[in-house]
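Asks: Pasting a structure below so you can have a look.
The values are calculated or read from the model by the stated rules, or taken from the named source; none is laboratory data. Since the model is a prediction, treat every value here as computed from it, not as a measurement. A quick note on method: Cβ atoms are made from the backbone with ideal geometry, for glycine too, and the neighbour counts reach across all protein chains shown.
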Amino acid sequence: MSDTKTHYRTCNICEAMCGLEIKLQGEDILSIKGDKDDPFSQGHICPKAVALQDFYKDKDRLKTPLRKTADGWQEISWDEAFEEITTRFRDIQQAHGKNAVGTYLGNPNAHNFGNAVTFPGFFKALGSNNRYSSASADQLPHHVASNYMFGAGMLIPIPDIDHTDFMLIIGANPIVSNGSLMTAPGVGKRLKAIQQRGGKVVVIDPRRTETARKSDEHLFIRPETDALLLLAMAHTLFEEGRVRLGHLEHLIEGIDQLEEAVRPYPPERVADACGIEAATIRRLAREMADAPTAVCYSRMGASTQSFGGLCQWLTNVLNLLTGNFDKRGGAMFTQPAFDLVRSTKGKPSSYGRYESRVRKLPFYNGEFPVATLADEILTPGEGQIKAMMTIAGNPVLSSPDGARLGEAFGSLEFMVSVDIYLNETTRYADIILPATTGLEVPHFDVFFNSFAVRNTAKFSEPLFAKAPDQKHDWEILKELALRLTGREDDGLTPEMMLDAGLKHGAYGDQGMSLAKLRENPHGVDLGPLQPCLEQRLQTEDGRIHIAPQLHIDDLDRLETSGILSEGEDPTYPFSMISRRLARSHNTWTQNSHRLVKGKNPCTLQIHSADARKLGLEDGQAALVSSPVGRIELPVEIDDDMFEGVVSVPQGWGHNRKNTGMTVAESQPGVSMNDVTDSQRIDALTGNAAFNGTRVAVQAVDA
Ligand SMILES: Nc1nc2c(c(=O)[nH]1)N[C@H]1C(S)=C(S)[C@@H](COP(=O)(O)OP(=O)(O)OC[C@H]3O[C@@H](n4cnc5c(=O)[nH]c(N)nc54)[C@H](O)[C@@H]3O)O[C@H]1N2
Ligand SMILES: Nc1nc2c(c(=O)[nH]1)N[C@H]1C(S)=C(S)[C@@H](COP(=O)(O)OP(=O)(O)OC[C@H]3O[C@@H](n4cnc5c(=O)[nH]c(N)nc54)[C@H](O)[C@@H]3O)O[C@H]1N2
Ligand code: SF4
Ligand SMILES: [Mo]
């Protein structure tokens, strides 16, 4: 076929950064396949990439700004929309102060470099500290640990999966999620390669996951007890004289305080609470210490829980104590071509600068925890949020007690959403601004290159031109910033800012630039991760703080939480955890027929022994309730669940009224966040504690 074209790009959906090869005839997509010449992903993709064409063509996708009126949604011009938003935001800020306008950023922002480079200017123009994002429903504990241990929240250690001999995976399911804070396309192959070179993979999870099934050893753990396990492993290393700090010894500060802090946690003390035998905990610690190289990697399951801050600190601690930090095969640091880690030396840290008004929660990573957003909107008084802007986020489905957040949005004086759909969150907006997405957007990963298991760089041109009336997210943000400040446009585009960042980055002197990336549409390989922490450390004293006071102090909360002695809760006997599904991404991909066809995947997984006690049969509808709310969903009896624990997919719940996602509404599932509690947080970081939510389960007709 003569007019067949091939386009290369990076998939923007999840963190894996897979290279795509898209064949087209005219405007018609013939195929979407993995790009074998992408130096990083080498041809790997998952089913979601093929659905990029569905999102592009989706008839439900918004293309014109909408205004809510008494007679329903009305299409308006961009100019009208911008004018009304500017006026309303200005008036509200004049009457109630700058912080009266809040913002919420969702996950797709992290996959859009235009947004990343435009946000600083936008936030300056808006001038509000009331910033929230999905980060506090996700990875905030990682940033807090990095800030206090290494001096920069973005300096996150990444498991060197391609060279390790022993990988301990805690609360992550990369076979399904494709990896998180570990950008590793084709992670299945990479895990298998560990085994093929004689290494070992161990998974710690209350569910025998898809990843666990491929590992050498899986250990069930009681939800939220991971900090105890990690403390006991660290205890074992000290007690048995196995601590080896290696090449970082001269940089590590606080080792005595650490030894003191872990002393009260012998494995024998935590074994019952965790559900893992003391001898097994000791063996794990020894295996990690004895392996030529080893890495402990803990993620969502160990982050979105009541002790997420402790877990992420202790994960770094184990990697440091076994001499596996900043070392090939251990936990390493990237040297990305566009570097987000700026020198913070000598500058006051923004961490902990403010406290939230209602619940006094900390301001970390430039924002307050989303678990308290509804409180800030609903609680009257000075500093109350009166208007909101959500940008590529669906917090009504994604935050704890999302239903209450929806009510809070409904009570606002004014709300704006920048989104591609009319959905559970954007339906509360007074104005929705439609952005371009996916195949219409140029792509460069500023965030995920910082979290990748190999240094590479790649820029993708948009495949399809945007329609004359469409706007990119960044154009919307920039226009609002200009109107709010009355400034002239400086003419800077995200591409120019990216180019400047590349030229001034670590590879600038080797000719790195946007032009170079344009010449290499498959991407440029910059090599495996290298030891570099000594140069990249940002702490004031240039040292690694292995025992930050903030984290040490949080051990008191762990001690008094009752987790070590917890008995049965007769009212809410089950512990609910989340899971991800291979064919959906958070809340927004369910409008692709290709992805959601077939049986309803939004099921309650429960062990057969538990189901028997409750008289529940496979496929029967179950009612899951907590003090916050209730959901009904089909039972899936599954002996891959730990007894006493039930699992529900996150990101579902398109069963609300007045949204505009046809396919999603035909197979809506339910939102587990109608049951989760916004008061349940990791008090150290403010991150939402989804996992371990106490629930009751019964047959619907009971
Ligand atoms: N119970 C429970 N809750 C969870 C989790 C869990 O494991 N369990 N996981 C948490 C995690 S890790 C995350 S990251 C959050 C996600 O939480 P959110 O980020 O709030 O949710 P998303 O579904 O990613 O929302 C993306 C929104 O952006 C829109 N969108 C998609 N592409 C674009 C685009 O290109 N431009 C614009 N402007 N909009 C776009 C979509 O329509 C959708 O409204 O959920 C969290 N919530
Ligand atoms: N297909 C698909 N891929 C995705 C996404 C998606 O929605 N769908 N979302 C993307 C996003 S935004 C993110 S942040 C990443 C997340 O990627 P991952 O971190 O891999 O997250 P999950 O797949 O949710 O796996 C978390 C695991 O923790 C376990 N768990 C729950 N509670 C506990 C606990 O208390 N202790 C322990 N040890 N384990 C526990 C769960 O059973 C689950 O297996 O995935 C990304 N990739
Ligand atoms: S694994 Fe993630 S990046 Fe790769 S194709 Fe699937 S959704 Fe896209
Ligand atoms: Mo996430």
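Asks: Under the condition of being out of contact with any strand residue (DSSP E or B) (no Cβ under 7 Å at 6 or more places or on another chain) and hydrophobic (A, V, I, L, M, F, W, C), which residue from the range 42-58 is farthest from ligand 1 (Cβ to nearest atom)?
Replies: Only one residue fits best here, namely 46.
Asks: Restricting attention to the range 131-147, does a residue exist that is over 30 Å from residue 251 (Cα atoms), away from ligand 2 (no atom under 15 Å from the Cβ) and not small (Gly, Ala, Ser)?
Replies: Yes - at least one qualifying residue is present in the range 131-147.
Asks: If I filter the range 423-439 down to residues being part of a loop (DSSP other than H, G, I, E, B) and without any contact (Cβ under 8 Å) to a residue 40 or more places away in the chain, which single residue comes out as surrounded by the most Cβ atoms within 10 Å (Cβ to Cβ)?
Replies: 425
Asks: Of the residues that make up the range 298-314, is at least one over 19 Å from the mean Cα position of the chain (by Cα), closer than 26 Å to residue 165 by Cβ and in the same structural domain as residue 237 (by TED's automatic domain parsing)?
Replies: Within the range 298-314 (the criterion being over 19 Å from the mean Cα position of the chain (by Cα), closer than 26 Å to residue 165 by Cβ and in the same structural domain as residue 237 (by TED's automatic domain parsing)), the answer is yes, since at least one residue qualifies.
Asks: Looking at the range 192-203, can you tell me whether even one residue there is in contact with a helix residue (DSSP H, G or I) (Cβ under 6 Å, 6 or more places away or on another chain), over 23 Å from residue 327 (Cβ atoms) and within 10 Å of ligand 2 (Cβ to nearest atom)?
Replies: For the range 192-203, residues in contact with a helix residue (DSSP H, G or I) (Cβ under 6 Å, 6 or more places away or on another chain), over 23 Å from residue 327 (Cβ atoms) and within 10 Å of ligand 2 (Cβ to nearest atom): absent.
Asks: If we keep just the residues of the range 564-588 that are modelled with pLDDT of 95 or more and either under 17 Å from residue 305 (Cβ atoms) or in contact with a Phe, Trp or Tyr (Cβ under 6 Å, 6 or more places away or on another chain) (or both), which is surrounded by the most Cβ atoms within 10 Å (Cβ to Cβ)?
Replies: 577
Asks: Identify, from the list 473, 469, the residue that is touching a Lys or Arg at 6+ places or on another chain (Cβ under 9 Å) and either within 12 Å of ligand 1 (Cβ to nearest atom) or over 30 Å from residue 376 (Cα atoms) (or both).
Replies: 469
Asks: Of the residues that make up the range 341-352, is at least one at pLDDT 95 or above and under 21 Å from residue 548 (Cα atoms)?
Replies: So far as the range 341-352 goes, no, none of its residues is at pLDDT 95 or above and under 21 Å from residue 548 (Cα atoms).
Asks: So, one more: Pick from the range 470-522 the residues that are of a type in the set (Gly, Ala, Ser) and more than 29 Å from the chain's Cα centre (by Cα): which of them is farthest from residue 342 (Cα to Cα)?
Replies: Among residues in the range 470-522 that are of a type in the set (Gly, Ala, Ser) and more than 29 Å from the chain's Cα centre (by Cα), the one farthest from residue 342 (Cα to Cα) is 486.
Asks: State whether the residues of the range 139-157 include one that is more than 16 Å from ligand 4 (Cβ to nearest atom), modelled with pLDDT of 95 or more, under 30 Å from residue 495 (Cβ atoms) and of a type in the set (S, T, N, Q).
Replies: Checked against the condition, which is being more than 16 Å from ligand 4 (Cβ to nearest atom), modelled with pLDDT of 95 or more, under 30 Å from residue 495 (Cβ atoms) and of a type in the set (S, T, N, Q), the range 139-157 yields at least one hit.
Asks: Go through the range 10-69 and count every residue that is under 21 Å from residue 447 (Cα atoms) and of a type in the set (A, V, I, L, M).
Replies: 7
Asks: I'd like to verify a number: residues in the range 4-30 that are among the charged types (D, E, K, R) and either in contact with a Gly (Cβ under 9 Å, 6 or more places away or on another chain) or buried (at least 19 other Cβ atoms within 10 Å of the Cβ) (or both), how many?
Replies: 4
Asks: Here is a further query. Would you please list the contacts, defined by Cβ atoms under 7 Å and residues six or more apart or on different chains, that run from a residue in the range 179-208 that is farther than 10 Å from residue 161 by Cβ and without any contact (Cβ under 8 Å) to a residue 24 or more places away in the chain to a residue that is more than 16 Å from ligand 3 (Cβ to nearest atom) and assigned to a loop (DSSP other than H, G, I, E, B)?
Replies: Correct list of pairs: 195/216.
Asks: In the set 551, 545, 472, 504, which member is in the same structural domain as residue 352 (by TED's automatic domain parsing) and in contact with a helix residue (DSSP H, G or I) (Cβ under 7 Å, 6 or more places away or on another chain)?
Replies: Only one candidate qualifies: 472.
Asks: A further question follows. Taking the stated definitions as given, is residue 172 crowded, with 23+ Cβ neighbours inside 10 Å, within 16 Å of ligand 2 (Cβ to nearest atom), assigned to a helix (DSSP H, G or I) and in the same structural domain as residue 312 (by TED's automatic domain parsing)?
Replies: no
Asks: Could you tell me whether residue 432 is of a type in the set (A, V, I, L, M) and more than 18 Å from residue 656 (Cβ to Cβ)?
Replies: no
Asks: Condition (residue is touching a His at 6+ places or on another chain (Cβ under 8 Å), surrounded by 24 or more Cβ atoms within 10 Å (Cβ to Cβ) and assigned to a helix (DSSP H, G or I)) applied to the range 114-130: is it met by at least one residue?
Replies: Taking every residue of the range 114-130 in turn, at least one turns out to be touching a His at 6+ places or on another chain (Cβ under 8 Å), surrounded by 24 or more Cβ atoms within 10 Å (Cβ to Cβ) and assigned to a helix (DSSP H, G or I).
Asks: Moving to a separate point now. Is there a residue being over 18 Å from residue 452 (Cα atoms), free of Cβ contacts under 8 Å to residues at least 40 places away in the same chain and more than 16 Å from ligand 2 (Cβ to nearest atom) anywhere in the range 8-23?
Replies: yes
Asks: So which helices (runs of 4 or more DSSP H) stay within the range 240-307 end to end and still have 2 or more residues that are surrounded by fewer than 17 Cβ atoms within 10 Å (Cβ to Cβ)?
Replies: Per the criteria, 255-262, 267-274, 278-290.
Asks: Hey, residue 531 hits all of (1) under 30 Å from residue 418 (Cβ atoms); (2) in contact with a helix residue (DSSP H, G or I) (Cβ under 9 Å, 6 or more places away or on another chain); (3) outside any helix (DSSP H, G or I) but one; which does it fall short on?
Replies: Among (1) under 30 Å from residue 418 (Cβ atoms); (2) in contact with a helix residue (DSSP H, G or I) (Cβ under 9 Å, 6 or more places away or on another chain); (3) outside any helix (DSSP H, G or I), residue 531 violates only (1).
Here's the yes/no breakdown for (1) out of contact with any helix residue (DSSP H, G or I) (no Cβ under 6 Å at 6 or more places or on another chain); (2) of a type outside the set (A, V, I, L, M, F, W, C); (3) under 20 Å from residue 679 (Cα atoms):
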residue	(1), (2), (3)
95	yes, no, no
104	no, yes, yes
109	no, yes, no
122	no, no, no
127	no, yes, no
131	yes, yes, yes
140	yes, no, yes
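Residue-wise test of (1) buried (at least 23 other Cβ atoms within 10 Å of the Cβ); (2) within 27 Å of residue 592 (Cβ to Cβ).
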position: 609; (1), (2): no, no
position: 632; (1), (2): no, yes
position: 638; (1), (2): no, yes
position: 687; (1), (2): yes, no
position: 695; (1), (2): yes, no
position: 698; (1), (2): no, no
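Asks: If you scan the range 414-455, which residues turn out to be within 16 Å of ligand 4 (Cβ to nearest atom) and of a type in the set (Phe, Trp, Tyr)?
Replies: 447, 448, 451, listed by residue number.
Asks: Do you know which residues across the range 365-403 are over 26 Å from residue 476 (Cα atoms) and either of a type in the set (A, V, I, L, M, F, W, C) or outside any helix (DSSP H, G or I) (or both)?
Replies: Correct list: 371, 378, 379, 380, 381, 382, 383, 400, 401, 403.
Asks: When the residues of the range 383-422 are narrowed to those that are touching a residue at least 60 places away in the same chain (Cβ under 8 Å) and charged (D, E, K, R), which ends up nearest to residue 631 (Cα to Cα)?
Replies: 401
Asks: Looking at (1) surrounded by 13 or more Cβ atoms within 10 Å (Cβ to Cβ); (2) within 16 Å of ligand 2 (Cβ to nearest atom), which one does residue 73 not meet, given that it meets all the others?
Replies: Result: residue 73 passes all but (2).
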